[in-house]
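Trainee: The following block contains the structure, expressed as structure tokens.
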Amino acid sequence: MSDFPPHIIYHIDVNSAFLSWTAVKRLRDNPEALDIRTIPAVIGGDEKKRHGIVLAKSVPAKAYGIQTGEPLVQTRKKCPDILIVPPDFATYVSMSEQLMNFLKQTAPVVEQYSIDEAFCDMTGTGLLYGDPVAFAHQLKDDILNRFGFTVNIGISTNKLLAKMASDFKKPNLVHTLFPEEIPQKMWPLPVGELFFVGPSMCKKLEALGIHTIGDVAASNPQLLVSHFKKHGELIWNYANGFDIELPVNHKAANKSFGNSVTLHFDVTDAEINVAVNKAIHKLVEAGAELVEVSFDHIDLCLPTYYLINYVEFFSATRKYDGRDYGYRIENVCGEEVLRRIEIGSYISQKEYSGKFYKKALQARSLIRDEINAMLENVDLIVGPTVPKLPHKIGDELTPMEMYAYDVLTVIANLAGIPAGSIKAGEVDGIPVGLQIQAKPLDDLKIIKAMSVFENEN
């Protein structure tokens, strides 16, 4: 392995995942069926509603200028004979799970990045697999032979560059983007192809005379920060090949169940993923643009919320002392209320000088700052209301199991932002919620997003 870089990262991306997986299922169900990957075809919503959009497209469809995310009405004008196939999210979840399980049998560390993407840390596997580029070609072919669909594999020394590499020419190809290759392979690309540069930001950058990724890399980072705040610093780092994310982590949550929607928490029940993903794509069909966001401090949310809650709950209940209301609250409250009072009392003891409470307030500031930074670049943050289905009546839960249901809803309370929840669908007759969060005073945007579902609930 002495001839190889010290770190080898693969980014594996299914080519036109939704369309490919639909094609594979159709062929499995009927071997005589037409392979929709060989004809102009797209995966899209209900064409009759006129606001359905393209979720995935075949290579022949791309030749007509058809773009992912464009209205189906426009697609039909470009290609009158286009085949429009409805999405099948249950199949997509199943195909994704099969692929991820296979990768976990191959790579030492696998981090699922989205429903159709994964990072594999292949560092140190040279003695087992040999040349990492040659093995990537073998792995790509193995996936095709085993599952019937193609992938692109990007190879580099960090996740950012590996992902950029996998987005080069498609389909069914392997690309490298090592640091020494950045000037040749990445800098000449249009600025809109840089990771985390969306259409809106692309226009703003071009207005500043920044047209290529190389232009971003060569620009003054302070100029970018002055126009785009923390996001400006982020894209400057990305343009120079610096990955500020954590290394590949096999414990990372399954983050995404949509083309570009990233959920940075563990959604335990796959059925919730399907229901929420369907709801998100209804928003896309209504005209929303999906972008990826990352929330690094989610692990702080529950302990921060409950520590603050305990202290403030204890303080607020001191007026129920038996003098004005006849009974001390500790003598008449239930088990959970008593638990919060006692913990709050313990934390508030003089010997601790409020240090735990102060630490929680500091953590809340970190959470609030990160959420506000995320909302600088998007109008809404959407995802599940709770991470798992409710427990059954009669089941006994530990306090931590009970509090875990709150992991996604306490964020709004800590950050001081508005949030709403609306029915996304059902799992075995149980409603599944879609949570929508926005900037302070942007409540109307939440209501408008909810209106997409008003005729269904």
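The values are calculated or read from the model by the stated rules, or taken from the named source; none is laboratory data. Here the structure is a predicted model, which means the values were calculated and not measured. When we count neighbours, we look across all protein chains shown, and the Cβ atoms used for this are built from the backbone with ideal geometry, even at glycine.
Trainee: Would you mind stating whether Glu245 is of a type outside the set (Gly, Ala, Ser), at pLDDT 95 or above, surrounded by fewer than 21 Cβ atoms within 10 Å (Cβ to Cβ) and within 26 Å of Asp121 (Cβ to Cβ)?
Mentor: Considered against the rule, which asks whether it is of a type outside the set (Gly, Ala, Ser), at pLDDT 95 or above, surrounded by fewer than 21 Cβ atoms within 10 Å (Cβ to Cβ) and within 26 Å of Asp121 (Cβ to Cβ), Glu245 comes out as no.
Trainee: Please list, ordered by residue number, the strands (runs of 3 or more DSSP E) wholly in region 375-457 having 2 or more residues that are surrounded by fewer than 18 Cβ atoms within 10 Å (Cβ to Cβ).
Mentor: Correct list: 419-427, 430-437.
Trainee: What is the one condition in (1) in a helix (DSSP H, G or I); (2) touching a residue at least 24 places away in the same chain (Cβ under 8 Å); (3) among the charged types (D, E, K, R) that Lys170 does not satisfy?
Mentor: The one condition Lys170 does not meet is (1).
Trainee: Among the numbered criteria (1) of a type in the set (Ser, Thr, Tyr); (2) closer than 24 Å to Glu289 by Cβ; (3) assigned to a loop (DSSP other than H, G, I, E, B), which single criterion is violated by Ser200?
Mentor: Single failed check for Ser200: (3).
Conditions tested, residue by residue: (1) modelled with pLDDT of 95 or more; (2) within 19 Å of Gly124 (Cβ to Cβ).
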{"position": "Ile155", "(1), (2)": "yes, yes"}
{"position": "Ala165", "(1), (2)": "yes, no"}
{"position": "Lys170", "(1), (2)": "no, no"}
{"position": "Leu173", "(1), (2)": "yes, no"}
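Trainee: Right, here's the next one. Taking the stated definitions as given, is Ile182 in contact with a Gly (Cβ under 6 Å, 6 or more places away or on another chain), outside any loop (DSSP other than H, G, I, E, B) and in the same structural domain as Gln98 (by TED's automatic domain parsing)?
Mentor: Considered against the rule, which asks whether it is in contact with a Gly (Cβ under 6 Å, 6 or more places away or on another chain), outside any loop (DSSP other than H, G, I, E, B) and in the same structural domain as Gln98 (by TED's automatic domain parsing), Ile182 comes out as yes.
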